[in-house]
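Below is one structure, written out as structure tokens; comments come after it.
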Amino acid sequence: AVTFSAGLATEGYKPYAAIYSTFLQRAYDQVVHDVAIQSLPVRFAIDRAGLVGADGSTHAGSFDITYLSTLPNFIVMAASDEAELVKMINTSVNINDKPSAFRYPRGNGIGVELPSIKETLEIGKGRIIEEGKKVAILNFGTRLEQCKKASAQLLSKGISCTIVDARFAKPLDEKLIMEIATNHEVLITIEEGSIGGFGSHVMKFLSDRGVFDRGLKFRSMILPDIFIDQDTPEKMYEMAGLDSLSIVDKVEETLNSNIILAKNKNKISH
């Protein structure tokens, strides 16, 4: 299917390869050699992004952010809700010089109003959802609602958060990321994928710009390094540490990291 889509793209068609994340893994050689190297505009619609509930680990889309974002010439998107997914599909229609992918989960949307088919996104541009002062949460994918819940809980404790929906893992919104990295004490990325994905790309970008040399506290929330057995998606994300309570804990732990480090040093010295 991937190679056939590549062939269609060479003849001026606009092919969409709609394949589950875990099944696309089996076509990775074709993705690299038949699509990416030739920079062909095949559009990958990636279902089963993230943890999938009853389908279990065989269908959990844990690795596509990593294995696609590592490829040159790729545009990689993740929808935070059904309206964003419509915009990403609309946007992909007009990407005619390189491959693109948009990932979305198994299950229902959250009930937001859908945009028209004319509404598109600017490539590589995220959006600010909430503005705060101390902590920035940079979301990629459908953890956005959990980020909002976490932000409300943190605000009740006197901690205000900026929430950004990144939309793109590749290309990154470098201007927006630099703005939040230089204006907040803590920056946390969150994604429904394995190590090596969105958070790793953000960390590499910030490292190259010397941001960590100036004291930014950075953490990346990802899927743990295990295959998670099937359960409800909610319980699977709790187990993975990607629910709202886990986000709150991560923010508080990061804010207090200097205190924790000092205590640990004191224990070692004794």
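The values are calculated or read from the model by the stated rules, or taken from the named source; none is laboratory data. This structure is a prediction, so every number in the text was calculated from the model and none was measured. Note that we place each Cβ from the backbone using ideal geometry, even for glycine, and neighbour counts take in every protein chain shown. Only protein heavy atoms, including side chains, enter the accessible area calculation; ligands, DNA and RNA are left aside. Shrake-Rupley method; radii C 1.70, N 1.55, O 1.52, S 1.80 Å.
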> How much of the DSSP beta bridge set in the chain is antiparallel, as a percent to the nearest 5?
Replying inline: 15 percent
> Simple spin-label model, 7 Å along Cα-to-Cβ: Asp213 to Glu130 in nm?
Replying inline: 3.4 nm
> Of Ile137, Ile190, Ile129, which has the largest mean-square fluctuation in a 10 Å C-alpha GNM of the chain?
Replying inline: Ile129
> Whole-Hz Karplus ³J(HN,Hα) for the range 213-227, in order, using 6.51 cos²θ - 1.76 cosθ + 1.60 and θ = phi - 60°, x for Gly and Pro?
Replying inline: 5, 9, x, 4, 8, 10, 9, 10, 9, 9, 5, x, 7, 9, 8
> What full-extension length gain, to one decimal in nm, is calculated for Gln153 and Ala1 as 0.36 nm per residue of separation minus the Cα-Cα distance?
Replying inline: 50.1 nm
> Once amide H atoms are built 1.01 Å from N in the peptide plane, which residues 5 or more positions from Cys161, or in another chain, come under 5 Å H to H?
Replying inline: Lys133
> Pulled fully out, how much extra length does the chain show between Asp55 and Glu145, if you take 0.36 nm times their separation in residues and subtract their Cα-Cα distance?
Replying inline: 30.1 nm
>> Under 10 Å, Cα contacts only: if you run a Gaussian network model on the chain, which one of Gly107, Gly196, Gly61 comes out with the highest mean-square fluctuation?
In response: Gly107
> In Å², what does the accessible area per residue of the range 123-176 work out to with a 1.4 Å probe?
Replying inline: 42 Å²
>> Taking amide H atoms as placed 1.01 Å from N in the peptide plane, list the residues 5 or more away in sequence, or in a different chain, whose amide H sits under 5 Å from that of Ala17.
In response: Arg43, Phe44, Ala45
> In whole percent, how big is the carbon plus sulfur part of the accessible area of the range 120-266, probe 1.4 Å, protein atoms only?
Replying inline: 50 percent
>> Beyond 16 Å, how much of the Cα-Cα pair distribution for the range 1-62 remains, as a whole percent?
In response: 45 percent
> Taking a probe of 1.4 Å, how large is the accessible area per residue of the range 1-114, in Å²?
Replying inline: 42 Å²
>> Cα atoms only: what Rg and Dmax, in Å, come out for the chain?
In response: 19.1, 71
>> Suppose each label sits 7 Å from its Cα in the direction of the beta carbon; what would the Thr232-Glu113 distance come out to in nanometres?
In response: 3.1 nm
> Which cross-chain or sequence-distant (5 or more) residues have an amide H under 5 Å from the amide H of Gly50, H modelled 1.01 Å from N in plane?
Replying inline: Gly61, Ser62
> Rounded to the nearest 10 Å², what accessible area does Ser5 show when all protein chains are kept and the probe is 1.4 Å?
Replying inline: 10 Å²
> What would the Debye formula give as log10 I(q)/I(0) at q = 0.23, 0.29 Å⁻¹ for the alpha-carbon point model of the range 186-225, no solvent?
Replying inline: -0.71, -0.97
> Which of the GluC sites (Glu not before Pro) found in the range 30-121 are loop residues per DSSP with 13 or fewer other Cβ atoms within 10 Å of their Cβ?
Replying inline: Glu113, Glu119
> Which of these, Met178, Met88, Met221, has the largest mean-square fluctuation under a Gaussian network model of the chain (Cα springs below 10 Å)?
Replying inline: Met178
> What is the spin-label model distance, in nm, from Asp97 to Lys175 if the labels are put 7 Å beyond Cα along the C-beta direction?
Replying inline: 1.8 nm
>> How much length would be gained if the chain were fully extended between Ile195 and Thr10, taking 0.36 nm per residue of separation minus their Cα-Cα distance, in nm to one decimal?
In response: 63.2 nm
